[in-house]
1. Using helices alone, what [θ] at 222 nm do you get for the chain, with -39,500 (n - 2.57) per DSSP H run of 4 or more residues, divided over all residues and rounded to the nearest 500?
2. Taking the range 57-121, which trypsin sites (Lys or Arg not before Pro) meet the DSSP loop condition and have no more than 10 other C-beta atoms within 10 Å?
3. Share of the range 65-209's accessible area from carbon and sulfur, percent, 1.4 Å?
4. Under 15 Å from the Cβ of residue 335, count the other residues' Cβ atoms, weight Lys and Arg +1, Asp and Glu -1, and hand me the total.
5. What is the Cα centroid distance between the range 37-85 and the range 204-226, reported in whole angstrom?
6. With each pseudo-label sitting 7 Å past Cα toward Cβ, what's the residue 133-residue 201 distance in nm, one decimal?
7. What lysines could a cross-link reach from residue 81, if we take a straight Cα to Cα line under 23 Å and drop same-chain neighbours fewer than 8 places away?
8. Would you mind calculating the gained length between residue 355 and residue 301 on full extension (0.36 nm times residue separation, minus the Cα-Cα distance), in nm to one decimal?
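The values are calculated or read from the model by the stated rules, or taken from the named source; none is laboratory data. Fair warning: this is a prediction, and the values are worked out from it, not measured in the lab. Cβ placement follows ideal geometry from the backbone for every residue including glycine, while neighbour counts extend to all protein chains displayed. All accessible areas refer to the heavy atoms of the entire protein, side chains included, with ligands and DNA or RNA removed. Shrake-Rupley method; radii C 1.70, N 1.55, O 1.52, S 1.80 Å.
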Amino acid sequence: MNRLVCFLFGLLLGLPSHFMEVEGDALSPAMFIFGDSLVDDGNNNHIPTVARADYAPYGVDFGYPNGRFTNGLTVVDYGAKLLGLPLIPAYLSPLSKGPAILKGLNYASAAAGILDQTGRHFGSRISLNQQLNLFEKTVKVDLPVLLESAETLSLYLSESIFVVGIAGNDYINNYLLPLLYDSSRVYSPDAFADLLINTYSQQLRRLYGLGARKMVVVGVGPLGCLPSQIFMVNNNGSCVDNVNDLVLGFNDRLFDLIDTLNSTLPESFFIYQNAYSITLDIVTNPSSYGFTYGNTACCGLGRYGGYLRCLPLQPPCNNRDQYVFFDAFHPTSAVNSIIAERCYGESPTDDCYPIGVRELAQL
């Protein structure tokens with residue numbers, strides 16, 4: 001898709017022109033995105049849930065509230081731009097029909113988890129299993145009428161980039177809420193991590209069975225450093241170690257799973273994106289990255305802004321690029337840009353294993 005077509009496509013979606021710029025010719029035909037609120041770009045706008053970000057001040061630097069849980073762009077938004085793609089539309093958007101879906105779709109949903117019950121206290125959400133159901137419909141119903149043959153569809157899917165980032169809610173909106181969920185009473189930390197990984201393995205294998213070959217699987221960030229967790233536990237502003245230890249147990253298993261999938265699924269190539277290490281370093285050494293506030297939300301209530309997410313029309317901070325967190329749970333667009341560049345950029349770091357996403361797209 002050339003720059004003019006990208007621009008026109010962006011106008012169709014109602015995007016501000018400065019967010020429709022791409023870096024050059026697309027390195028991949030499409031991007032398909034699965035996950036939670038870190039990458040939801042509007043799906044939850046269309047379902048009955050309190051986990052939504054379709055009101056100001058969310059989107060303040062995007063131009064308008066659009067369903068993204070940050071002030072501007074998400075990591076996958078920046079990633080798409082770095083691959084030469086336009087911003088990928090939400091699956092449930094009424095405009096995600098016909099040729100508009102050929103550059104990919106975003107199925108992510110705030111409050112979603114690997115486990116179907118995760119996040120149920122928010123109301124509706126599209127769990128990862130449900131996201132895969134929607135993708136299966138895309139593959140079997142929507143895409144075949146747009147592509148000339150089954151062979152063309154298979155090639156298109158095998159060359160597209162698939163990004164899956166989920167599991168954070170399985171902890172903060174399941175395991176760590178013992179009054180609402182019994183998972184922490186039923187499972188030890190290791191047993192729960194095993195449950196998640198075993199379920200996730202089957203879900204990723206299902207995605208492979210639907211035609212995905214180039215997959216970026218994102219590790220969980222340091223949840224113990226979220227303003228929401230610090231608010232509940234620590235008075236000194238430091239990260240909550242026992243929560244981060246839970247995440248590390250999951251991430252270690254996920255890293256091993258990536259190697260297993262690469263060695264057992266023919267013609268597949270999985271990348272592990274280590275979101276934990278870079279985010280932890282930004283939070284604990286904010287000045288090294290140009291930030292001033294490492295543990296306090298730009299928009300929120302209570303200590304460290306960790307008591308509630310942004311309320312409707314609540315004024316956010318003015319110096320948003322100096323904050324690591326926009327609200328009690330989600331990073332600012334400035335942080336998302338750094339994380340994306342380290343994995344999708346021309347000089348990827350070891351945050352992406354074994355290669356960067358640009359190299360994956362060019363395989």
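1. It comes out at -10500 deg cm²/dmol, rounded to the nearest 500.
2. Passing sites in the range 57-121 are 97.
3. Within the range 65-209, the accessible surface is 57 percent carbon and sulfur.
4. -4
5. Using only Cα atoms, the two centres lie 19 Å from each other.
6. 2.5 nm
7. Leaving aside lysines fewer than 8 places away in the same chain, those within reach of residue 81 are 97, 103, 214.
8. Result for the pair: 15.4 nm of gain on full extension.
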